[in-house]
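Reviewing the structure listed below.
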Amino acid sequence: MTINEKTLSKLFDNIVHLQNFGFIVNAAFAQDIEWKNRNNQLILLEEIHKLCEYYISNPDISVCSILDTYLPSILIDDEILKKENTKWCGTGTNMVAIDIKGNEYPCQIFLPNTMPKECNWAQIDFRNSDLFSNNDCKTCLIRNICGTCYGINIRSRGDIAKRDLKLCDFKKILSLGASYLLGKKFELGYFGKYDTVEEKLKAIEAIEIIQDTYSLTYKL
Ligand code: SF4
């Protein structure tokens with residue numbers, strides 16, 4: 001489910017509606033549109049708040065993707081990530097798109113109908129993790145959990161590592177929501193994927209760091 005400016009104010013309703021039908025909701029925000037306005041932030045905060053309260057009141061319902069982030073990733077050292085070549089998605093390494101002539105592409109966005117010819121991506125070594133780190137995001141707390149589309153990065157900004165900074169506030173609000181929700185679920189005794197003591201402690205540490213960093217800027 002792709003969320004755009006017209007559907008933002010219905011985010012809660014739409015996700016719950018789909019979940020009531022039994023769908024697993026995988027949602028993402030449209031890229032390359034002008035999200036950076038205070039009103040959108042306020043709408044998102046309200047929608048995320050409603051979603052969090054809904055999942056807290058219904059703890060057995062699975063949490064939609066935008067709030068189901070593995071938060072301890074923020075604690076992982078950059079060098080370790082680099083060594084493991086952890087990209088956000090499998091484009092060019094674990095994924096392939098094939099057109100009707102049998103030509104292979106890193107994923108569907110690299111096909112000629114969505115990727116202009118001048119975007120010279122063919123030389124990119126998708127196994128070289130150096131190409132995926134970006135100075136704009138180097139010091140950002142949530143860089144390891146901030147989803148991005150490498151294809152759109154190269155198409156819109158000419159660099160596979162350059163993320164859409166118009167979405168930064170949204171990403172921070174989502175991480176705040178995810179940490180609030182996880183904390184509340186822990187309080188209720190719902191630990192989900194955090195099954196060992198070590199995992200739980202890492203999650204709690206991540207929750208605290210995210211809350212300390214963003215809760216004064218964004219009021220959920
Ligand atoms: S929130 Fe913005 S600065 Fe932080 S990692 Fe995401 S794109 Fe980069």
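The values are calculated or read from the model by the stated rules, or taken from the named source; none is laboratory data. Just so it is clear, the model here is predicted, and its values are computed rather than measured. No Cβ is skipped: glycine too gets one built from the backbone with ideal geometry, and neighbour counts run over all protein chains shown. Note: areas computed on protein heavy atoms with side chains; ligands, DNA, RNA excluded. Shrake-Rupley method; radii C 1.70, N 1.55, O 1.52, S 1.80 Å.
Computed values, structure above
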| read-out | value |
| --- | --- |
| Helix-only mean residue ellipticity at 222 nm for the chain, each DSSP H run of n ≥ 4 adding -39500 (n - 2.57), per residue, nearest 500 | -12000 deg cm²/dmol |
| Contact order normalised by residue count of the range 1-100, Cα under 8 Å, 6+ apart, percent | 29 |
| The chain: angle of helix 168-187 to the longest principal axis, Cα-based, in degrees nearest 10 | 40 |
| Anisotropy class of the range 150-194 from Cα gyration tensor, a/c 1.5 cut | prolate |
| DSSP loop GluC sites (Glu not before Pro) with at most 15 other Cβ within 10 Å excluded, longest remaining stretch of the chain | 119-220 |
| Of Asp32, Asp159, Asp136, the one that fluctuates the most in a GNM where the chain has Cα springs shorter than 10 Å | Asp136 |
| Descending Cα extents along the principal axes, the range 55-150, whole Å | 50, 33, 21 |
| Of Lys172/Lys193; Lys6/Lys138; Lys6/Lys193; Lys36/Lys172, those spanning more than 24 Å from alpha-carbon to alpha-carbon | Lys6/Lys138; Lys6/Lys193 |
| Coil-residue trypsin sites (Lys or Arg not before Pro) of the range 1-103, DSSP, other Cβ within 10 Å capped at 16 | Lys6, Lys36, Lys101 |
| The range 33-188, accessible area per residue, ligands and nucleic acids excluded (1.4 Å, Å²) | 53 |
| Loop sites in the range 134-196: trypsin sites (Lys or Arg not before Pro), DSSP, at most 16 other Cβ within 10 Å | Lys138, Lys193 |
| Ratio Rg/Rh [Cα only; Rh per Kirkwood] for the range 113-154 | 1.01 |
| Shape box of the range 88-220 [Cα atoms, principal axes, largest first, Å] | 54, 31, 24 |
| Residue pairs, from the table Lys10/Lys171; Lys87/Lys166; Lys10/Lys166; Lys162/Lys219; Lys50/Lys171, whose Cα atoms sit over 23 Å apart | Lys162/Lys219 |
| Under 5 Å, built H, 5+ apart or other chain: amide partners of Ile3 | Ala28, Phe29, Ala30 |
| Whole-percent carbon and sulfur share, accessible surface of the range 4-109, 1.4 Å | 52 |
| Alpha-carbon centroids, the range 172-213 and the range 1-30: separation in whole Å | 23 |
| Between helix 11-20 and the chain: long-axis angle, C-alpha atoms, 0 to 90°, nearest 10 | 80 |
